[in-house]
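Chemist: Handing you a structure now.
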Amino acid sequence: MDDVQRQIDDHGPLAGFTVGVTAARRADELGALLTRRGAAVLHAPAIRIVPLADDSELLAATKELIDQAPDVVVATTAIGFRGWVEAAEGWGLGEALVERLRTVELLARGPKVKGAVRAAGLTEEWSPSSESMAEVLDRLLEEGVDGRRIAVQLHGEPLPGFVESLRAGGAEVVGVPVYRWMPPEDIGPVDRLLDAAVSRGLDAITFTSAPAAAALLSRADERGLLPELLTAFGHDVLSACVGPVTALPLQSRGIDTIQPERFRLGPLVQLLCRELPARARVLPVAGHRVEIRGHAVLVDGALKPVPPAGMSLLRTLSRRPGWVVPRAELLRALPGAGRDEHAVETAMARLRTALGTPKLIQTVVKRGYRLALDPSAETKYDA
């Protein structure tokens with residue numbers, strides 16, 4: 001491994017990139033995975049999870065399972081499992097539900113859920129000590145799920161990719177909806193995420209549920225930002241989904257998405273670690289290797305954070321490396337700069353300071369600025 005690559009690896013594969021997280025559940029886990037790999041994270045839960053006000057869906061699912069026994073029932077939360085049994089008792093179906101659950105393979109996600117299962121007079125077949133739904137999924141897939149009927153107690157936003165993985169394995173999955181998705185009580189973080197996306201302040205947005213994806217698009221539409229958001233997704237902002245079901249609301253709007261082969265958070269982050277660096281612009285400039293990322297630049301592997309105005313200038317220059325870009329064109333690239341070309345000089349001075357290598361950008365008197373592209377560079381650029 002050369003010194004440049006070693007420096008890049010030291011910062012993390014996502015250093016210099018900003019990733020939006022729309023998840024309501026497990027957002028902290030996803031954010032930690034991204035941060036450990038160097039990313040800046042903007043968290044904006046696009047949905048919240050509340051108990052069902054109208055329990056007709058839960059009633060229908062309960063009757064279906066009593067009438068037609070599943071092979072497996074997965075209990076995912078203690079409060080959700082208790083709520084399910086209590087609701088069934090209120091409908092006069094409590095005894096029938098418990099008796100039905102005695103006849104199936106009952107899996108409980110962790111000690112708390114196991115306690116709720118036993119409080120109902122039932123005994124779980126198996127429960128992971130880790131409280132990990134990923135471990136539950138591994139067990140099911142190892143057993144084989146093709147042709148099996150599996151009921152999953154949903155808790156608003158299930159483990160990303162859990163249901164998708166079971167269906168991909170050939171299982172028939174019956175959801176038991178104990179909660180419902182609703183808009184967040186504070187819409188401010190979602191609006192800030194949308195503003196960052198349309199202004200290209202984000203490099204990627206992650207989605208772990210279809211309702212969250214649909215909610216973000218709906219909010220953009222309410223604010224009149226949907227066309228701008230679609231353009232951003234089409235050119236500069238990567239849409240990363242945990243699985244194909246999650247991607248459907250985005251794909252219905254013509255948004256291309258990326259998805260890991262395994263529908264889980266870890267593989268989703270690993271995919272971003274490959275895709276985002278691959279999208280970065282790498283140029284040989286003034287004897288240096290310059291890699292232009294979302295909010296930072298790697299100069300010979302050294303991470304150089306750059307202010308937003310400077311990044312706007314650098315991206316504009318990099319579209320025609322080696323060619324002179326007039327001040328007027330650079331002024332148009334600056335957000336909210338107005339008509340004073342002095343703003344370009346100020347932003348350019350800050351950009352050079354941030355890069356720490358002033359000779360990367362040359363001033364061409366009375367004309368503008370250019371990236372000092374190495375004349376020996378093998379790549380040829382068109383005007």
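We did not get these values from a lab; they are worked out from the coordinates using the rules stated. Computed from a predicted model, the values in this text were never measured in an experiment. Here Cβ is always computed from backbone atoms with ideal geometry, including for glycine, and neighbour counts include all displayed protein chains.
Chemist: Using only the Cα atoms of region 179-256, build the gyration tensor, take square roots of its eigenvalues as a ≥ b ≥ c, and label the shape rounded, prolate or oblate: rounded if a/c is under 1.5, else prolate if a/b is larger than b/c, else oblate.
Modeler: Oblate.
Chemist: Moving to a separate point now. Can you give me the long-range amide H partners of residue 42? Hydrogens built in the peptide plane at 1.01 Å from N, cutoff under 5 Å, separation of 5 or more residues or another chain.
Modeler: 19, 20, 21
Chemist: How far is helix 133-143 tilted, in degrees, relative to the longest principal axis of the Cα atoms in the chain, given as a value from 0 to 90 rounded to the nearest 10?
Modeler: The angle comes out at about 70 degrees.
Chemist: What trypsin sites (Lys or Arg not before Pro) does region 288-350 have in DSSP loop regions with at most 16 other beta carbons within 10 Å?
Modeler: 339
Chemist: Can you tell me how much longer the chain between residue 231 and residue 281 gets when fully stretched, taken as 0.36 nm per residue apart minus their C-alpha distance, in nm with one decimal?
Modeler: 16.0 nm
Chemist: Where a Cα-Cα gap under 24 Å defines reach, which lysines qualify for residue 63, not counting those fewer than 8 residues away within the same chain?
Modeler: 114
Chemist: What GluC sites (Glu not before Pro) does region 195-267 have in DSSP loop regions with at most 13 other beta carbons within 10 Å?
Modeler: 261
Chemist: OK, next. Below 8 Å between Cα atoms, with a sequence gap of 6+, how large is the relative contact order for region 244-383 in percent?
Modeler: Reported relative contact order: 21 percent.
Chemist: Could you pull out every residue, at least 5 positions away or on a different chain, whose amide H is within less than 5 Å of the one on residue 25? Hs are placed 1.01 Å off N in the peptide plane, and Pro or chain starts have none.
Modeler: Close amide H contacts, sequence-distant or interchain: none at all.
Chemist: Could you grab the relative contact order for the chain? Cα pairs under 8 Å, six or more apart, rounded to a whole percent.
Modeler: Across the chain, relative contact order equals 16 percent.
Chemist: While we're here: Give me a comma-separated list of calculated 3J(HN,Hα) values for region 312-322, in order, Karplus coefficients 6.51, -1.76, 1.60 applied at θ = phi - 60°, integers in Hz, x for any Gly or Pro.
Modeler: 4, 5, 5, 5, 5, 5, 6, 5, 9, x, x
Chemist: Sticking with this one: Per-residue HN-Hα couplings for region 56-65, Karplus 6.51 cos²θ - 1.76 cosθ + 1.60 at θ = phi - 60°, whole Hz, x for Gly and Pro?
Modeler: 5, 5, 5, 4, 4, 5, 5, 4, 4, 6
Chemist: Work out the FRET efficiency for residue 185 and residue 103 from their Cβ-Cβ distance, taking R0 = 35 Å, and round it to the nearest 0.05.
Modeler: Plugging the Cβ-Cβ distance into 1/(1 + (r/R0)^6) gives 0.30.
Chemist: Could I ask something else about it? Per-residue HN-Hα couplings for region 341-354, Karplus 6.51 cos²θ - 1.76 cosθ + 1.60 at θ = phi - 60°, whole Hz, x for Gly and Pro?
Modeler: 5, 4, 4, 5, 4, 5, 5, 5, 4, 5, 5, 4, 5, 5
Chemist: Could you give me the radius of gyration and the Dmax of the chain, taking only the C-alpha atoms into account and expressing both in angstrom?
Modeler: 25.8, 86
Chemist: Which shape class applies to region 152-294: rounded if a/c is under 1.5, otherwise prolate when a/b exceeds b/c and oblate if not, where a ≥ b ≥ c are the square roots of the Cα gyration tensor eigenvalues?
Modeler: Because a/c hits 1.5 or more and a/b fails to exceed b/c, region 152-294 counts as oblate.
Chemist: State, as an integer percentage, the relative contact order of region 12-120 based on alpha-carbon contacts under 8 Å between residues 6 or more apart.
Modeler: Reported relative contact order: 23 percent.
Chemist: Would you please give the residues with an amide H less than 5 Å from that of residue 238, counting only those at least 5 places away or on a separate chain, with H modeled from the backbone geometry?
Modeler: 204, 205
Chemist: For every helix of n ≥ 4 consecutive DSSP H residues, a contribution of -39,500 (n - 2.57) applies; sum these over the chain, divide by its total residues, and give [θ] at 222 nm rounded to the nearest 500 deg cm²/dmol.
Modeler: -13500 deg cm²/dmol
Chemist: Taking Cα atoms, how many degrees apart are the long axis of helix 27-36 and the longest axis of the chain, rounded to 10 and kept between 0 and 90?
Modeler: The two axes meet at around 40 degrees.
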